[in-house]
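A quick write-up on the structure given underneath.
The values are calculated or read from the model by the stated rules, or taken from the named source; none is laboratory data. Predicted model, so just to flag it, every value in this text is computed and none were measured. Here the Cβ positions follow ideal geometry from the backbone for every residue, glycine too, while neighbour counts run over all protein chains shown.
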Amino acid sequence: MSPRKFTGKIRTDPWESLARGPREVMASLWDEYLTDVLPGSKKSARFRGLRRRIEEAAGYDEIFQKWNSLAPEGRAQAWRRLLEAARLETEAARRVCLRCGECCENSSPFLLVSDLPLFLQEVLTWNEVYALPRGDLVVTREGQPLILKEERLRVRQVLGSRQCWFYQVVQKRCRIYERRPEQCRRWQCWDEPPEPESSEFLTREHLFGQIPKIWDLITAHQKRCDRTQVREVLARLAGGEEEAGDFLFEALHFDHHLRQMLLREWNLSTAATEMLLGRSLVDFLHALGYKATLTPEGVYTLRPGEQE
């Protein structure tokens, strides 16, 4: 009696499929196995990174290339090698940062008081960090909008994305990994990281509170361009109170001229002005769905626009 032909129904009897099927069948079963046992989505950077480590440890490429020529006993040994590598690598990486980029591609860290030395060491400068005053709008690592109840300082993100300024996607590396901020060290893509205490967050006062020339400028701007008050004014304007707009238009002009002064007289970069003052009021309004435009006559106009 001639042996049965392999039918290609790999999930009816996976062990027969491994013993008799071609390497493409093995690859399909291996993919399903990893999807079942590894944490997270197949598209996540952590999943991909852990899979790469497992397959390197087990010699997956060699197994795949030789699979068709292996006898059933050899296939069984190779499959056990894959399973053992999966077990060992998964256990070793259970609560360890794999430097996969999952956190780095989806967010940048808020700075904590313990990060102050990074400025003294010039790991961080005014050009890589920006202020988020109370009432500002941010997007969390999970992609959810959040209105800040208190001030934060944050490492910049690559324009048009949520990727951290210091993360290099192609090389899959952080440019300052060995001296990365504290929140980066605490993040856990395999679990929900604990939220820092309010007292831990670094603010502009920690950096500039003892420098009157800078601190007076920051506090004056905060008073005249307060984000929370801007939100209240927008709500009143939406309710038909046109006179409420006086505060907003004065704030827009003050914000604009102060930034121009910092650019011209202090020779700061645009990025550095955002370290002192936060993002411009024009950008803040854009995030809320309004477009503020400075006319050639030097007057701001405001109209609904596209919300971020």
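Each row is one residue, and each column tells you yes or no for (1) modelled with pLDDT under 85; (2) assigned to a helix (DSSP H, G or I); (3) closer than 30 Å to Trp187 by Cβ.
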position	(1), (2), (3)
Thr7	yes, no, no
Ile10	yes, no, no
Ser28	no, yes, no
Asp31	no, yes, yes
Asp36	no, yes, yes
Pro39	yes, no, yes
Lys43	yes, no, yes
Arg48	no, yes, yes
Arg52	no, yes, yes
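Checking Tyr300 against (1) within 25 Å of Val155 (Cβ to Cβ); (2) surrounded by 15 or more Cβ atoms within 10 Å (Cβ to Cβ); (3) in contact with a Ser or Thr (Cβ under 8 Å, 6 or more places away or on another chain), which single condition isn't satisfied?
(1)
Report yes if some residue within the range 136-148 is closer than 24 Å to Leu268 by Cα and among the basic types (Lys, Arg); otherwise report no. Steps first, answer last, please.
Here is the first cut: in the range 136-148, the ones closer than 24 Å to Leu268 by Cα are 136.
Subsequent filtering for residues that are among the basic types (Lys, Arg) retains none.
Scanning the range 136-148 turns up no residue that is closer than 24 Å to Leu268 by Cα and among the basic types (Lys, Arg).
Taking Glu56 as the residue in question, decide whether it is outside the structural domain of Arg224 (by TED's automatic domain parsing), of a type outside the set (Gly, Ala, Ser), in a helix (DSSP H, G or I) and in contact with a strand residue (DSSP E or B) (Cβ under 8 Å, 6 or more places away or on another chain). Break it down stepwise before answering.
Details: outside the structural domain of Arg224 (by TED's automatic domain parsing): yes; of a type outside the set (Gly, Ala, Ser): yes; in a helix (DSSP H, G or I): yes; in contact with a strand residue (DSSP E or B) (Cβ under 8 Å, 6 or more places away or on another chain): no.
Considered against the rule, which asks whether it is outside the structural domain of Arg224 (by TED's automatic domain parsing), of a type outside the set (Gly, Ala, Ser), in a helix (DSSP H, G or I) and in contact with a strand residue (DSSP E or B) (Cβ under 8 Å, 6 or more places away or on another chain), Glu56 comes out as no.
Going through the range 197-208 one residue at a time, which ones are closer than 17 Å to Pro117 by Cβ and in a loop (DSSP other than H, G, I, E, B)?
Leu202, Thr203 - these are the residues of the range 197-208 that are closer than 17 Å to Pro117 by Cβ and in a loop (DSSP other than H, G, I, E, B).
Mind checking whether some residue in the range 260-267 is closer than 22 Å to Thr125 by Cβ, part of a helix (DSSP H, G or I), aromatic (Phe, Trp, Tyr) and free of Cβ contacts under 8 Å to residues at least 24 places away in the same chain? If you could, list the steps in order and put the result at the bottom.
Here is the first cut: in the range 260-267, the residues closer than 22 Å to Thr125 by Cβ are 260-267.
If we keep only those that are part of a helix (DSSP H, G or I) as well, we get 260-264.
Of the ones still in play, those that are also aromatic (Phe, Trp, Tyr) are none.
For the range 260-267, residues closer than 22 Å to Thr125 by Cβ, part of a helix (DSSP H, G or I), aromatic (Phe, Trp, Tyr) and free of Cβ contacts under 8 Å to residues at least 24 places away in the same chain: absent.
Here is a list of conditions, (1) under 20 Å from Val233 (Cα atoms); (2) touching a strand residue (DSSP E or B) at 6+ places or on another chain (Cβ under 7 Å), and Asp283 meets all of them except one; can you say which number that is?
Looking at each condition in turn, Asp283 falls short on (2).
How many of the residues making up the range 84-124 are over 12 Å from Leu153 (Cα atoms) and either assigned to a loop (DSSP other than H, G, I, E, B) or touching a residue at least 24 places away in the same chain (Cβ under 8 Å) (or both)? It would help to see each step written out before you state the result.
If we filter the range 84-124 for residues that are over 12 Å from Leu153 (Cα atoms), which is where we start, we get 84-107, 114, 117-123.
From what is left, the residues that are either assigned to a loop (DSSP other than H, G, I, E, B) or touching a residue at least 24 places away in the same chain (Cβ under 8 Å) (or both) are 84-86, 88-90, 93-107, 114, 118-119, 121-123.
Final tally of qualifying residues: 27.
Among the residues of the range 149-158, is there at least one that is hydrophobic (A, V, I, L, M, F, W, C) and at pLDDT below 90? Write out each step before concluding.
Looking only at the range 149-158, we keep the residues that are hydrophobic (A, V, I, L, M, F, W, C), and these are 153, 155, 158.
Within this subset, residues satisfying the condition of being at pLDDT below 90 are none.
No, the conditions are met nowhere in the range 149-158.
Which one of these is within 12 Å of Trp79 (Cα to Cα) and in contact (Cβ under 8 Å) with a residue 40 or more places away in the chain: Trp15, Trp30? Give the steps one after another, and end with the answer.
Working: Trp15 fails: in contact (Cβ under 8 Å) with a residue 40 or more places away in the chain.
Result of the check over Trp15, Trp30: Trp30.
Take the conditions part of a loop (DSSP other than H, G, I, E, B), crowded, with 19+ Cβ neighbours inside 10 Å, at pLDDT below 95 and not basic (Lys, Arg) and apply them to Cys184. Does it pass?
no
Do you know which residues across the range 164-202 are of a type in the set (Val, Ile, Thr) and touching a residue at least 60 places away in the same chain (Cβ under 8 Å)?
Within the range 164-202, the subset of a type in the set (Val, Ile, Thr) is 169-170, 176.
Within the range 164-202, just Val169 meets the criteria.
Restrict the check to the range 191-210 and report whether at least one residue is crowded, with 16+ Cβ neighbours inside 10 Å and at pLDDT below 85.
Within the range 191-210, none of the residues are crowded, with 16+ Cβ neighbours inside 10 Å and at pLDDT below 85.
Out of curiosity, is Asp61 closer than 24 Å to Cys100 by Cβ and at pLDDT 95 or above? It would help to see each step written out before you state the result.
Details: closer than 24 Å to Cys100 by Cβ: yes; at pLDDT 95 or above: yes.
Spelling it out, Asp61 is indeed closer than 24 Å to Cys100 by Cβ and at pLDDT 95 or above.
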